[in-house]
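What follows draws every value from the coordinates through simple rules; no lab data is involved. Since we're looking at a predicted model, the values are computed, not measured. Don't worry about glycine lacking a Cβ; one is built from the backbone with ideal geometry, like all the others, and counts go over all protein chains shown.
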Amino acid sequence: MSKLIDLTDRKFGRLKALKRVENRGKRVYWLCECDCGTTKEIQGAHLKNGMISSCGCLNRELIIARNLKHGEGKDGHITREYRAWLHMKGRCTIPTDKAYSWYGGRGIGVYDQWKENFRSFLNDMGRCPKGYTLQRMNNDGDYEPSNCLWSPPEDQVKNKRFHNRHTGETGYFHNTPISGYEDILSAI
Ligand SMILES: [Zn+2]
């Protein structure tokens, strides 16, 4: 029998090998934990040669990012928390995001630990109740633990800062959604 390399605790992209599990045929498998919190059994050879570097979330993020750019994009397999995290990062850090001008463009940032680590975000925020969305209490403040909560969508809409690009007027809007913004709220 060939010598086995112990991969325990080694990191492969987003995946960390936790422990070896039962072989599938002659193939060696490892239970891995992904940065997004998912655990999955992955073939050791695929970890080592770099063929697999996430639980699948990396590909899903790329697909969502592409879809968002085109103003579509819903994926029922992604949790509310994960989706909220992706959108938060998108509107604060990706200039091509259609909501960027209201967030990153206004200097709204994301708490460093949250930016890089979904699990840190999830630990601080907890699970998102159904129908709720991520909201900041201070609308000019960053996305950070002390300024965020899950709230019903109608509260979130009320608190959005409204900026009229034509008049330069700034204020709060109530009832009328900003055009082009609905799909972002519903996709969160
Ligand atoms: Zn993952």
### Message
Give me the net charge for the shell around Cys92: Cβ to Cβ below 9 angstrom, other residues only, Lys and Arg +1, Asp and Glu -1.
### Response
+1
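Listing Leu4, Leu15, Leu58 from the residue with the fewest other Cβ atoms within 10 Å to the one with the most, what is the order?
Values: Leu4 9, Leu15 25, Leu58 17.
With the sparsest Cβ surroundings first, the list reads Leu4, Leu58, Leu15.
Counting other beta carbons within 10 Å of each Cβ, put Phe12, Phe121 in order, fewest first. Display every interim value, and only then the final one.
On the way: Phe12 21, Phe121 24.
Listed from fewest to most nearby Cβ atoms, that is Phe12, Phe121.
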### Task
Rounded to whole Hz and in sequence order, give me ³J(HN,Hα) for region 132-141 from the Karplus expression 6.51 cos²θ - 1.76 cosθ + 1.60, θ = phi - 60°, writing x for Gly and Pro.
8, 9, 6, 10, 9, 6, 9, 5, 9, x
### Task
Any of Lys16/Lys130; Lys26/Lys48; Lys98/Lys130; Lys16/Lys89 with alpha carbons more than 27 Å apart? Name them for me.
Lys16/Lys130
### Task
Amide H neighbours of Thr133 under 5 Å, at least 5 residues apart or on other chains, H built in the peptide plane: list them.
Ser151
### Summary
Once Ser146 and Thr93 are pulled to full extension, the length gained, defined as 0.36 nm per residue separation minus their Cα-Cα distance, is 17.1 nm
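Within a 10 angstrom radius of the beta carbon, how do Trp150, Trp85, Trp114 rank from fewest other beta carbons to most? Can you show the working numbers first?
On the way: Trp150 18, Trp85 28, Trp114 24.
Listed from fewest to most nearby Cβ atoms, that is Trp150, Trp114, Trp85.
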